[in-house]
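Peer 1: Take a look at this one; I'll ask things after.
The values are calculated or read from the model by the stated rules, or taken from the named source; none is laboratory data. For clarity, every value in this text was computed on a predicted model and none was experimentally measured. Backbone-built Cβ (ideal geometry, glycine too); neighbour counts: all protein chains shown.
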């Protein structure tokens, strides 16, 4: 005997499958090159199931764009500047492999093609970065001249531009290294004198050994 919850759970699973398939297709083909039929085929769903959840390609693209960070597990650690560095490097690595994040990021750049001008996907990361900068302020890690709100916006803009440059030039194969370079230039201005030499900036995941291991000076 089916319970009332079973159809609801099945609908939630179907929606998640569609979103992941859409993210993969949008990442591969962009908004213009993607089609509902390609997404349906990738997801393995019927037209009825597709349009039950999403009324148009534009609606689906918007859902992928604003949901780019859903389910993404950020690195553990004590809140502050080191965790912020680790988060940005984690995002750089995820952009090499995570289709949901990749698709959402591509759509955020291309959103003008489907009539959107929504800064929500960028503001989501501004909020994440600001939280770590606020913690860093409390730990005495930030230069007194730094404004946390301003730096969060600058960092999101710098990260976005760097990942786009990396995508165009190398398919993001060098993105972690470029984010390390970004931090090596930002930290001297952002960090306090007392904290500046204590941060670990390496392109590899925490706990791995890298030949390019470097500490901010």
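Peer 1: Looking at (1) within 26 Å of residue 125 (Cα to Cα); (2) in contact with a helix residue (DSSP H, G or I) (Cβ under 6 Å, 6 or more places away or on another chain); (3) surrounded by fewer than 18 Cβ atoms within 10 Å (Cβ to Cβ), find the lone condition where residue 97 falls short.
Peer 2: (2)
Peer 1: Looking at 48, 55, which is the one that is in a loop (DSSP other than H, G, I, E, B), modelled with pLDDT under 95 and not assigned by TED's automatic domain parsing to the domain that holds residue 140?
Peer 2: That would be 55, the only listed residue that is in a loop (DSSP other than H, G, I, E, B), modelled with pLDDT under 95 and not assigned by TED's automatic domain parsing to the domain that holds residue 140.
Peer 1: Any residue at all in segment 101-108 that is modelled with pLDDT under 95 and in a loop (DSSP other than H, G, I, E, B)?
Peer 2: no
Peer 1: From the list 161, 157, 140, pick out the single residue that is out of contact with any helix residue (DSSP H, G or I) (no Cβ under 7 Å at 6 or more places or on another chain), surrounded by fewer than 14 Cβ atoms within 10 Å (Cβ to Cβ) and closer than 18 Å to residue 96 by Cα.
Peer 2: 161
Peer 1: In this structure, does residue 103 turn out to be out of contact with any strand residue (DSSP E or B) (no Cβ under 6 Å at 6 or more places or on another chain), under 26 Å from residue 17 (Cβ atoms) and either in the same structural domain as residue 25 (by TED's automatic domain parsing) or surrounded by 21 or more Cβ atoms within 10 Å (Cβ to Cβ) (or both)?
Peer 2: Judged against the criteria, residue 103 is a match.
Peer 1: For segment 83-100, how many residues are in contact (Cβ under 8 Å) with a residue 60 or more places away in the chain and either touching a strand residue (DSSP E or B) at 6+ places or on another chain (Cβ under 7 Å) or not in a helix (DSSP H, G or I) (or both)?
Peer 2: Summing the residues that are in contact (Cβ under 8 Å) with a residue 60 or more places away in the chain and either touching a strand residue (DSSP E or B) at 6+ places or on another chain (Cβ under 7 Å) or not in a helix (DSSP H, G or I) (or both) in segment 83-100 gives 1.
Peer 1: Could we say that residue 76 is free of Cβ contacts under 8 Å to residues at least 40 places away in the same chain and within 19 Å of the chain's Cα centre (by Cα) here?
Peer 2: Here the answer is yes, as residue 76 does meet what is asked.
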